[in-house]
Amino acid sequence: MSVYKLTQNKKPLVAGNLIITYPDGRVLDFNKNISTLVASRPKTITRIRQRDLYTFKGRDGYTAIDNGTDEANEIDVEITVIAKNEDEFEKTLNVLDNLRLYTNLRFHFYHDPYAEYEGMIESIELQGGRQYKSSQKGTLKLRLQPARYPFVSQRVYTLSNGDSFQYDFGQLKPIFELSGSGDIQITADEVITLKAVPSGETLYIDSLVQKIYSKPSPNTYRNQSHLKYTYPYPVLPSGQRIKWSGEVTSLKVTPNWRL
């Protein structure tokens, strides 16, 4: 049995840079790949809890009902696109336009060297439109999830029965990758009971999106949530051992450490 200690790593960027990671792991470095600078430091990203507030006659103050979630962040990132010629300018704009197709990009800002954020680019506005200039100012309008994802040395762990994770703060919303067959039970902070798991297919038990799915091909997802007979999905408290029974060939986990 192993205990995996999660610690934050620091990944400093030079001022004016932004790195975006695609869902498939490809990396776009604004300074190196598309000669684009972050012209000013983005605003601080904060977490705002969603709560409903009620007042009642004869009662001072208010009653708050916590909805159990935080609001998304909307921020503007001022950029400067630098291009030597019209072809290079057009290529950069095409790369930026393509980013808007994704809803789960990872953003690494130079002013936060310890974590990245997940979200999407809602729109791109350039002061001069698509007309070529050697230096063109613009704005990326981002919608970011409220959680920060700390940089860690390892993202995917192959588990042995009884392994656990240790961390000092935050929460894990793991994604399990299960290979096996038949009836399987995984015990963490919650008990996951799966019935008639098909052999030869990897199942993803995703606590972040609250679903179970398989991937017949890299860009195809098949819902398999009908195999799960228990609720809710695990969050893996620090020190919680992960155990299982049944015909399990392999169990991997992406911890998804969130602050």
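The values are calculated or read from the model by the stated rules, or taken from the named source; none is laboratory data. The structure presented is a predicted model; accordingly, all values stated were derived computationally and were not measured. Glycine also receives a Cβ, built like all others from the backbone with ideal geometry; neighbour counts cover every protein chain displayed.
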## Note on the structure
In the set Y231, Y204, Y213, Y221, the lone residue that is at negative phi and out of contact with any strand residue (DSSP E or B) (no Cβ under 6 Å at 6 or more places or on another chain) is Y231
### Query
Just to be sure, is Y4 at pLDDT 85 or above, outside the structural domain of R130 (by TED's automatic domain parsing) and either closer than 30 Å to L159 by Cα or part of a loop (DSSP other than H, G, I, E, B) (or both)?
yes
### Message
The conditions are (1) under 24 Å from the mean Cα position of the chain (by Cα); (2) at pLDDT 90 or above, and D66 fails exactly one of them. Which is it?
### Response
(2)
#### Entry: Hits in the range 72-104 (condition: within 15 Å of the chain's Cα centre (by Cα) and within 23 Å of Q50 (Cβ to Cβ))
A72, N73, T103, N104
### Task
Any chance you could count how many residues in the range 209-226 are of a type in the set (A, V, I, L, M) and crowded, with 17+ Cβ neighbours inside 10 Å?
1
### Task
Determine whether S238 is touching a Phe, Trp or Tyr at 6+ places or on another chain (Cβ under 7 Å), within 30 Å of I45 (Cα to Cα) and in contact (Cβ under 8 Å) with a residue 24 or more places away in the chain.
yes
### Query
What number of residues within the range 108-134 satisfy the criterion of being in contact with an Asp or Glu (Cβ under 6 Å, 6 or more places away or on another chain) and modelled with pLDDT of 90 or more?
1
### Task
Among residues belonging to the range 163-185 that are more than 15 Å from R241 (Cα to Cα) and among the hydrophobic types (A, V, I, L, M, F, W, C), point out the one that is nearest to the chain's Cα centre (by Cα).
I175
## Note on the structure
Across (1) modelled with pLDDT under 85; (2) within 20 Å of S135 (Cβ to Cβ), A39 clears everything bar (1)
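Residue-wise test of (1) touching a Leu at 6+ places or on another chain (Cβ under 9 Å); (2) of a type in the set (A, V, I, L, M, F, W, C); (3) without any contact (Cβ under 8 Å) to a residue 24 or more places away in the chain.
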residue: G128; (1), (2), (3): no, no, yes
residue: R143; (1), (2), (3): no, no, no
residue: Y149; (1), (2), (3): yes, no, no
residue: Y157; (1), (2), (3): no, no, no
residue: S164; (1), (2), (3): yes, no, no
residue: I184; (1), (2), (3): yes, yes, no
residue: V191; (1), (2), (3): no, yes, no
residue: E201; (1), (2), (3): no, no, yes
### Verdict on Y132 being in a strand (DSSP E or B), within 30 Å of I82 (Cβ to Cβ) and touching a residue at least 40 places away in the same chain (Cβ under 8 Å)
no
#### Entry: Unique match (being surrounded by 13 or more Cβ atoms within 10 Å (Cβ to Cβ), closer than 25 Å to G239 by Cβ and modelled with pLDDT under 90) among L172, L194
L194
#### Entry: Positions within the range 73-127 being of a type outside the set (V, I, T), in a loop (DSSP other than H, G, I, E, B) and surrounded by fewer than 20 Cβ atoms within 10 Å (Cβ to Cβ), in sequence order
K84, N85, R100, L101, Y102, N104, Y110, H111, D112, P113, Y114, Q127
### Message
Out of the residues in the range 135-169 meeting the condition of being among the polar types (S, T, N, Q) and modelled with pLDDT of 90 or more, tell me which one is farthest from D70 (Cα to Cα).
### Response
S135
### Query
Would you pick out the residues in the range 1-21 that are surrounded by 15 or more Cβ atoms within 10 Å (Cβ to Cβ) and in contact with a Lys or Arg (Cβ under 8 Å, 6 or more places away or on another chain)?
I20, T21
### Task
Pairs only if they're at least six apart or on different chains, beta carbon under 6 angstrom, first in the range 89-115 and farther than 14 Å from F30 by Cα, second surrounded by 13 or more Cβ atoms within 10 Å (Cβ to Cβ) and of a type in the set (D, E); list them, first residue then second.
N104/E118
